[in-house]
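The values are calculated or read from the model by the stated rules, or taken from the named source; none is laboratory data. Nothing here was measured: the structure is a model prediction, and the numbers come from that model. Don't worry about glycine lacking a Cβ; one is built from the backbone with ideal geometry, like all the others, and counts go over all protein chains shown.
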Amino acid sequence: MKRFRRFILLSALLIVAAAAAAQNYPVKPIRIVTTEAGSGTDFGARMVAQCISGPLGQQVVVENRGGVMANEVVAKAQPDGYTLVHNGSALWLLPFVQPELGWNPQRDFIAVSMTDQSPNVLLVQPSFPAKTVQELIAMAKARPGELNYARAAPAGPTHFSAELFNTMAGIKITPIPYKGGGPAVIGLLSNQAHMMFAPAAVAMPHVNSGKLRGLAVTTAQPSPLFPQLPTMSAAGVPGYEYVAMFGEFVPAATPPALVNRLSSEIQRCMQLPDVKAKFLAAGVESVGSTAERFGVIIKSEMAKWGKLIKDSGIRAD
């Protein structure tokens, strides 16, 4: 009984201490670690940093790390609410294709809030014979193994979108790997590749200028970014859906009160009209979500894409 009372007392003291820490938080600058400077992920991180710094009363700085280093840095950081990582599917899906990575999305991170999302756009040259998704599928079936697609990073949005298309349409379009989204688009523009599933931000200027033609967007619902394009599902691949999602994460064991404080501020920011407008201009849609909701979405994404990775034999280059 005495041990039980001590346990209850200790638990109560810890709860009080955590509540006090949350009330005083933050007392020093916060950093958001993200990918390379100038990337779409970097843009999202800087939008969040600018928006939450005022309400939190502290400077929020963005730290850029190349490759997968952003995730590694935050996985090993102190769980005190002062270090976040802003990233997309590379955080929760890359370990499926590179098991030797130094982090585990479920073990090492807590989801804080989804911040933004974007469709991919199926792009072809204006002169490409297929004018619709159905015509493209028919061409691919008539010419098995002859068509190809430009692909950026392995296990990334351009890769997964195309492999999901292969699986659901019952076709085989061969990937041509490039060292990034920019070179992949150049490959498509120069006729080195037949098609590409490009992020909306990358696709937008080329579609608007007429240099490339969009056939469909990968979201389940029509996108306000490309209102003239049908969804892949409506265009000939029923049930098709791919959404590139991005958000904030903190190290595992970060106190729930701090997670909820950060989540509340990020959700508020993502609904501000000027923030929404800036995201749309950059080719993405601001979202915002509770920590619990984002966590559920991540688990669902891992189940869905983990199966596709296994079935398709996708591996990192």
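Residues being under 22 Å from the mean Cα position of the chain (by Cα) and surrounded by fewer than 24 Cβ atoms within 10 Å (Cβ to Cβ): count how many of those fall in region 177-194.
Final tally of qualifying residues: 7.
Among the residues of region 94-136, which ones are buried (at least 24 other Cβ atoms within 10 Å of the Cβ) and more than 14 Å from Gly295 (Cα to Cα)?
Passing the criteria: Asp116, Ser118, Pro119, Asn120, Val121, Leu122, Leu123, Leu136.
Sort through Lys141, Lys179 and tell me the only one that's in a loop (DSSP other than H, G, I, E, B) and not β-branched (Val, Ile, Thr).
Result of the check over Lys141, Lys179: Lys179.
Looking at Glu63 and the list (1) assigned to a helix (DSSP H, G or I); (2) acidic (Asp, Glu); (3) not assigned by TED's automatic domain parsing to the domain that holds Lys211, which single condition is not satisfied?
(1)
Taking the stated definitions as given, is Leu258 farther than 16 Å from Val124 by Cα and not assigned by TED's automatic domain parsing to the domain that holds Ser300?
no
Which one of the conditions (1) in the same structural domain as Gln106 (by TED's automatic domain parsing); (2) touching a strand residue (DSSP E or B) at 6+ places or on another chain (Cβ under 9 Å); (3) not aliphatic (A, V, I, L, M) does Arg268 fail to meet, given that it meets all the rest?
Status for Arg268: all satisfied but (2).
Out of everything in region 237-267 that is small (Gly, Ala, Ser) and surrounded by 19 or more Cβ atoms within 10 Å (Cβ to Cβ), what residue ends up being modelled with the lowest pLDDT?
Once the filter is applied, the top-ranked residue is Ala244.
Quick one: is Thr218 among the hydroxyl-bearing types (Ser, Thr, Tyr), surrounded by 19 or more Cβ atoms within 10 Å (Cβ to Cβ), outside the structural domain of Ala282 (by TED's automatic domain parsing) and within 18 Å of the chain's Cα centre (by Cα)?
yes
Could you go through region 139-146 and let me know if any residue there is in contact with a Ser or Thr (Cβ under 7 Å, 6 or more places away or on another chain) and within 30 Å of Phe279 (Cβ to Cβ).
No.
For region 79-88, check the following and say yes or no: at least one residue is in a helix (DSSP H, G or I) and not charged (D, E, K, R).
no
Residue under question is Ile176, and the condition is that it be touching a Lys or Arg at 6+ places or on another chain (Cβ under 7 Å), of a type outside the set (Phe, Trp, Tyr) and more than 21 Å from Gly236 (Cα to Cα); does it hold?
Judged against the criteria, Ile176 is a match.
Kindly list, by first and then second residue, each pair from a residue in region 47-62 that is in contact (Cβ under 8 Å) with a residue 60 or more places away in the chain to a residue that is buried (at least 16 other Cβ atoms within 10 Å of the Cβ) and of a type in the set (Ser, Thr, Tyr), limited to pairs with Cβ atoms under 6 Å and residues at least 6 apart or on different chains.
Pairs that qualify, where the first residue is in contact (Cβ under 8 Å) with a residue 60 or more places away in the chain and the partner is buried (at least 16 other Cβ atoms within 10 Å of the Cβ) and of a type in the set (Ser, Thr, Tyr), are Val48/Thr115.
Here are some conditions: (1) more than 27 Å from Gly210 (Cβ to Cβ); (2) touching a strand residue (DSSP E or B) at 6+ places or on another chain (Cβ under 6 Å). Asn120 meets all but one. Which one does it not meet?
Going through the list (1) more than 27 Å from Gly210 (Cβ to Cβ); (2) touching a strand residue (DSSP E or B) at 6+ places or on another chain (Cβ under 6 Å), Asn120 breaks only (1).
Could you tell me which of the residues Ala45, Ala77, Ala49, Ala111 is more than 25 Å from Pro199 (Cβ to Cβ), at pLDDT 95 or above, assigned by TED's automatic domain parsing to the domain that holds Leu262 and in contact with a strand residue (DSSP E or B) (Cβ under 7 Å, 6 or more places away or on another chain)?
Ala77
Residues to consider are Ala130, Ala150; find the one that is in a strand (DSSP E or B) and assigned by TED's automatic domain parsing to the domain that holds Ala193.
Only one candidate passes the filter, namely Ala150.
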